[in-house]
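*Asks:* Here you go, one structure.
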2 protein chains.
Amino acid sequence: MKLLQEMVLKHGKVFPNNVLKVDSFVNHQIDAPLMKAAGDAFFDYFKNKGVTKVLTIEASGIAPALMTALCFGVPMVFAKKTQPSTLKKDTLYETEVFSFTKNVVSRVILSKEYLTSDDKVLIIDDFLANGGAVIGLDDLVKQAGAQTVGVGILIEKSFQDGRKKLEDNGFDVRSLCRIASLDDGKICFENEE
Amino acid sequence: MKLLQEMVLKHGKVFPNNVLKVDSFVNHQIDAPLMKAAGDAFFDYFKNKGVTKVLTIEASGIAPALMTALCFGVPMVFAKKTQPSTLKKDTLYETEVFSFTKNVVSRVILSKEYLTSDDKVLIIDDFLANGGAVIGLDDLVKQAGAQTVGVGILIEKSFQDGRKKLEDNGFDVRSLCRIASLDDGKICFENEE
């Protein structure tokens, strides 16, 4: 997506260890029209997949997932990192998400009420690097007996192995901005059609 | 807002200690058209306040705040409960939010980049009970030398003292659904004009 590439180039900041900071428009301060445009783009790509639910993980996935759900006219649900007092252990699915970037494992949960075996799920997230978050979310989908029909990502670090892992597992992945490298602090995009 | 009242009546569940569970449409599974309608309603009420930024706290405030920011055409920013590796201590504001419901204090942070002394801030959150979250967010606004020009809330527990506290401090509070009581598991709304 041209608009997202332009914003990444203009406002993105590269830190050591291939960290790309986009918190002025994606994951701290959020550009609402950009998220709306991302939702439109995901709808356009996945509109024939029979999506019944949009799934993400708190907190940075909520904005693009919400706008996507608005386009599809289906509910959005987000996996939580903490367990509310109103959710008891036998009423939820849980899995572990490994963040390669932070080198930590987080437990995430989802109420059994909000994913059923009839659901066709579109997973949305802000970043794809090593695929840990998507694999964890898909594990929740599998526990529900539902089916992941697509994965929509705002920014993909194409030099890491997340996309390959997901494609090897049969996922249809649509990333709106694919970064080929961040070497020497310079943001280079993948060549796209 | 009629639509929100209807959804609270239909899908809300009352738990002991005045806990109202609305996680099928507000804070776990999210109804996107409802959030869009809430954003429209906040825009309608606060449109003459010169709002330059919408502020909330992760994670449940993000959906209504994003839709509100889309209406106003201004950025949304959310206070974070964990500190990203790219934010150093001297580059952020921090405050403590006391949750009377959970009886815990959380530290929340906000990058200094995303609130300046010129900002006129609309604070948005999903619930107002004792006002702890709004008071914490306003503390961040004050640290930036900015001004809170309004507070928009989806669901207010009017039988708790949050609204009174905020009004005593001069805040203009707009709640889309005001609950007078949850006694005996029954949801009663405030009479409104």
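The values are calculated or read from the model by the stated rules, or taken from the named source; none is laboratory data. Note that the structure is predicted; figures quoted are calculated from it, not measured. For neighbour counting, all protein chains shown are included, and Cβ atoms are generated from backbone atoms with ideal geometry for every residue, glycine included. To get the accessible areas, we keep the full protein, side chains included, count just its heavy atoms, and leave off ligands, DNA and RNA. Shrake-Rupley method; radii C 1.70, N 1.55, O 1.52, S 1.80 Å.
*Asks:* For region A:20-67, what are the residues that are small (Gly, Ala, Ser) and either at pLDDT below 95 or within 15 Å of the chain's Cα centre (by Cα) (or both)? Talk me through it step by step, then tell me what you get.
*Replies:* Kept after step one, since they are small (Gly, Ala, Ser), are these residues of region A:20-67: A:24, A:32, A:37-39, A:41, A:50, A:59-61, A:63, A:65.
Once the filter is applied, which keeps residues that are small (Gly, Ala, Ser) and either at pLDDT below 95 or within 15 Å of the chain's Cα centre (by Cα) (or both), region A:20-67 yields A:Ala38, A:Gly39, A:Ala41, A:Ala59, A:Ser60, A:Gly61, A:Ala63, A:Ala65.
*Asks:* So A:Ile179 fits all but one of (1) surrounded by 14 or more Cβ atoms within 10 Å (Cβ to Cβ); (2) at pLDDT 95 or above; (3) not in a strand (DSSP E or B); what number is the exception?
*Replies:* Result: A:Ile179 fails condition (3) only.
*Asks:* From the list B:Leu4, B:Leu70, which one is closer than 25 Å to A:Pro75 by Cβ, within 17 Å of the chain's Cα centre (by Cα) and within 11 Å of chain A (Cβ to nearest Cβ)?
*Replies:* From the options B:Leu4, B:Leu70, the qualifying one is B:Leu70.
*Asks:* Another question about this same structure. Condition test on B:Leu166, is it without any contact (Cβ under 8 Å) to a residue 60 or more places away in the chain, open to solvent by less than 60 Å² (accessible area, probe 1.4 Å) and not in a loop (DSSP other than H, G, I, E, B)?
*Replies:* Yes; evaluated as a whole, the condition is true for this residue.
*Asks:* State whether the residues of region A:124-144 include one that is of a type in the set (Asp, Glu) and surrounded by fewer than 20 Cβ atoms within 10 Å (Cβ to Cβ). Show your work before the answer.
*Replies:* First pass over region A:124-144, keeping only residues of a type in the set (Asp, Glu): A:125-126, A:138-139.
Filter once more, keeping what is surrounded by fewer than 20 Cβ atoms within 10 Å (Cβ to Cβ): A:139.
Yes: region A:124-144 contains one or more residues that are of a type in the set (Asp, Glu) and surrounded by fewer than 20 Cβ atoms within 10 Å (Cβ to Cβ).
*Asks:* Another question, then. Consider A:Val105 carefully, then state whether it is of a type in the set (A, V, I, L, M), more than 8 Å from every other protein chain (Cβ to nearest Cβ) and surrounded by fewer than 24 Cβ atoms within 10 Å (Cβ to Cβ).
*Replies:* Judged against the criteria, A:Val105 is a match.
*Asks:* Which residues, taken from region A:79-135, are in contact (Cβ under 8 Å) with a residue 12 or more places away in the chain, over 30 Å from A:Ile179 (Cα atoms) and of a type in the set (Lys, Arg)?
*Replies:* Correct list: A:Lys112 only.
*Asks:* Same structure, new question: Residue by residue through region A:8-30, note down the ones that are open to solvent by 30 Å² or more (accessible area, probe 1.4 Å), aliphatic (A, V, I, L, M) and more than 10 Å from chain B (Cβ to nearest Cβ).
*Replies:* Hits for region A:8-30 are A:Leu9, A:Val14.
*Asks:* If you check A:Lys81 against the conditions, is it of a type outside the set (A, V, I, L, M), over 18 Å from the mean Cα position of the chain (by Cα) and under 30 Å from B:Pro16 (Cβ atoms)?
*Replies:* no
*Asks:* Same structure, new question: Is it the case, given these coordinates, that B:Lys36 is surrounded by fewer than 21 Cβ atoms within 10 Å (Cβ to Cβ) and either basic (Lys, Arg) or at the interface with chain A (Cβ under 9 Å from one of its Cβ atoms) (or both)? Outline the logic, then answer.
*Replies:* On the way: surrounded by fewer than 21 Cβ atoms within 10 Å (Cβ to Cβ): yes; either basic (Lys, Arg) or at the interface with chain A (Cβ under 9 Å from one of its Cβ atoms) (or both): yes.
Against the criterion (surrounded by fewer than 21 Cβ atoms within 10 Å (Cβ to Cβ) and either basic (Lys, Arg) or at the interface with chain A (Cβ under 9 Å from one of its Cβ atoms) (or both)), B:Lys36 qualifies.
*Asks:* Going by what's in this entry, would B:Thr56 be described as open to solvent by 10 Å² or more (accessible area, probe 1.4 Å) and touching a residue at least 12 places away in the same chain (Cβ under 8 Å)?
*Replies:* No: the conditions fail for B:Thr56.
*Asks:* More than 29 Å from A:Val121 (Cα to Cα) and out of contact with any Leu (no Cβ under 8 Å at 6 or more places or on another chain): does that describe B:Lys89?
*Replies:* Considered against the rule, which asks whether it is more than 29 Å from A:Val121 (Cα to Cα) and out of contact with any Leu (no Cβ under 8 Å at 6 or more places or on another chain), B:Lys89 comes out as yes.
*Asks:* For B:Thr91, work out the one condition from (1) within 14 Å of chain A (Cβ to nearest Cβ); (2) of a type outside the set (Asp, Glu); (3) closer than 20 Å to B:Gly61 by Cα it doesn't fulfil.
*Replies:* The number of the failed condition is (3).
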